[in-house]
Amino acid sequence: AALLAVLGGAFIVFLLPARYRSALIYNPLVRHAVPLYRSLRKFPDIVFAPYFFRKTKLPEYRLTISPEDISLLNSRLPSEPFAGLLLDENRVEVNAMFAADNFAADAKVRYRGLRDNHWNAKQKSFSVAFSSEEPFRGMKRLNLVIPYDRQYVVELLQMYRAKKFGIPAPDIWFSRLTLNGQ
């Protein structure tokens, strides 16, 4: 089923003529299947399943957001799955508690990203803002981006290359995020 969903998505994007593609994309039934498609196209990640049972050295960050605030974040998302963009006027920040190894502070959290791949599947991208009195590792804002959007290690390799050539590059690292205990 996962292979069929991925192949069907590739067929829609690459092989259909544009006039049929747009009619299919705006079909309500297809719109409701988009989150499922996005989750299923990550099915090849099953080869990494053994790592769920191994101890990791990745830093773990914990976000706690009330269910009401999560509902508020979700209510401001665009309803158009392909054409909808999360523009500044729809972005809303909610109160949350952020915790790391030896750090805990109140923070403001919002969805990060312009397109729906950042919030339309199980993994989501967040932007966490800290108060200037309690920055996290000297940062006033931390962007937690889904690895798929950053092409996993490709962007890390590009940052490494940039630093080798003396070009300023932002710090980027992998971490694990737990939202409300999950």
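Separation of the alpha carbons by more than 25 angstrom is noted, of Lys55/Lys164; Lys55/Lys140; Lys124/Lys164; Lys140/Lys163, for Lys55/Lys164; Lys55/Lys140; Lys124/Lys164.
Ranked by the mean number of other Cβ atoms within 10 Å of their residues, highest first, the peptides 105-116, 157-168, 134-145 come out as 105-116, 134-145, 157-168. Note: relative contact order over segment 69-144, using C-alpha pairs below 8 Å and six or more positions apart, is 22 percent. Of the solvent-accessible surface of segment 26-182, computed with a 1.4 Å probe and all protein chains present, 57% belongs to carbon and sulfur.
By the gyration tensor of its Cα atoms, with a ≥ b ≥ c the square roots of the eigenvalues, what is the shape of segment 57-182: rounded for a/c under 1.5, prolate for a/b over b/c, or oblate?
Details: a/c = 1.79, a/b = 1.20, b/c = 1.49.
Because a/c hits 1.5 or more and a/b fails to exceed b/c, segment 57-182 counts as oblate.
State whether segment 130-182 is rounded, prolate or oblate according to the following rule on the C-alpha gyration tensor (a ≥ b ≥ c being the square roots of its eigenvalues): a/c under 1.5 gives rounded; otherwise a/b larger than b/c gives prolate, and the remaining case gives oblate. Oblate, since a/c reaches 1.5 and b/c is not below a/b.
Peptides 92-104, 66-78 ordered by packing proxy, namely the average of other Cβ atoms within 10 Å per residue, highest first: 92-104, 66-78.
The values are calculated or read from the model by the stated rules, or taken from the named source; none is laboratory data. Because the structure is predicted, anything quoted here is derived from the model rather than measured. In this analysis, Cβ positions are derived from the backbone assuming ideal geometry, glycine residues included, and neighbour counts consider all displayed protein chains. With ligands, DNA and RNA removed, areas are computed over all heavy atoms of the protein, side chains included. Shrake-Rupley method; radii C 1.70, N 1.55, O 1.52, S 1.80 Å.
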